[in-house]
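Below is one structure. I have some questions about it.
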Amino acid sequence: MIDTKELRIGNTIYLNGKKTIVGADEIAFMEKCLLFGINCEANPVKVTEETLKSLGFSFDFENTGSRVYARDGIKLQIHPSEGVYLYAGGNRIGKSFFYLHQLQNLWFCLTGKEITNLP
């Protein structure tokens, strides 16, 4: 289960098998599950090329063993085994990540705007 401390309102996760945008109710539900030992499935959504395309990223170029996608001056380099690296202004920001909620959190920190792939 995802640690609720990693989540922000608006993050996208799988909650009990359904792709869900996290709100206050979902976080409260997850906390109650932990408190009372109730089984609930809260799993991250993996960042894939399909996910990036649904977020408005476009393919930029291919490098040895990785592919780069870009949107609004931000580039994401996908390494199959190492995860995703984020670049802004030509500089790598932070460490690699694998999940959509992590990308959403970084995106918000950098741009002040939400990014989601759910309609």
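The values are calculated or read from the model by the stated rules, or taken from the named source; none is laboratory data. Only a predicted model underlies this, so the values are computations on that prediction, with no experimental measurement involved. Neighbour counts are summed over all protein chains in view; Cβ atoms, including those assigned to glycine, are modelled from backbone coordinates with ideal geometry.
Within the stretch 41-60, identify whether any single residue is touching a residue at least 12 places away in the same chain (Cβ under 8 Å), buried (at least 17 other Cβ atoms within 10 Å of the Cβ) and touching a Cys at 6+ places or on another chain (Cβ under 9 Å), and answer yes or no.
The answer is yes; a qualifying residue exists.
Residues of the stretch 104-113 being surrounded by 13 or more Cβ atoms within 10 Å (Cβ to Cβ) and not aromatic (Phe, Trp, Tyr), which ones?
Scanning the stretch 104-113 gives 104, 105, 106, 110, 111.
A further question on this structure: Would you mind stating whether residue 116 is surrounded by fewer than 18 Cβ atoms within 10 Å (Cβ to Cβ), touching a residue at least 24 places away in the same chain (Cβ under 8 Å), in contact with a Gly (Cβ under 9 Å, 6 or more places away or on another chain) and over 14 Å from residue 1 (Cα atoms)?
Against the criterion (surrounded by fewer than 18 Cβ atoms within 10 Å (Cβ to Cβ), touching a residue at least 24 places away in the same chain (Cβ under 8 Å), in contact with a Gly (Cβ under 9 Å, 6 or more places away or on another chain) and over 14 Å from residue 1 (Cα atoms)), residue 116 qualifies.
Please determine, by comparing only the residues of the stretch 1-19 that are under 19 Å from residue 117 (Cα atoms) and without any contact (Cβ under 8 Å) to a residue 24 or more places away in the chain, which one is nearest to the chain's Cα centre (by Cα).
Applying the filter and picking the extreme gives 9.
Return the residues of the stretch 95-119 that are closer than 17 Å to residue 71 by Cβ and among the small types (Gly, Ala, Ser); say none if nothing qualifies.
112
I'd like to check something: does the stretch 36-53 contain any residue that is assigned to a helix (DSSP H, G or I) and more than 19 Å from residue 101 (Cα to Cα)?
yes
Considering only residues that are surrounded by 16 or more Cβ atoms within 10 Å (Cβ to Cβ) and without any contact (Cβ under 8 Å) to a residue 12 or more places away in the chain, which ones fall in the stretch 66-87?
Within the stretch 66-87, 68, 85 meet the criteria.
Same structure, new question: When the residues of the stretch 88-103 are filtered to those that are in contact with a Leu (Cβ under 9 Å, 6 or more places away or on another chain) and in contact (Cβ under 8 Å) with a residue 24 or more places away in the chain, which remaining residue is surrounded by the fewest Cβ atoms within 10 Å (Cβ to Cβ)?
97
Still on this structure: For residue 101, which of the numbered conditions (1) modelled with pLDDT under 95; (2) in a helix (DSSP H, G or I) fails to hold?
(1)
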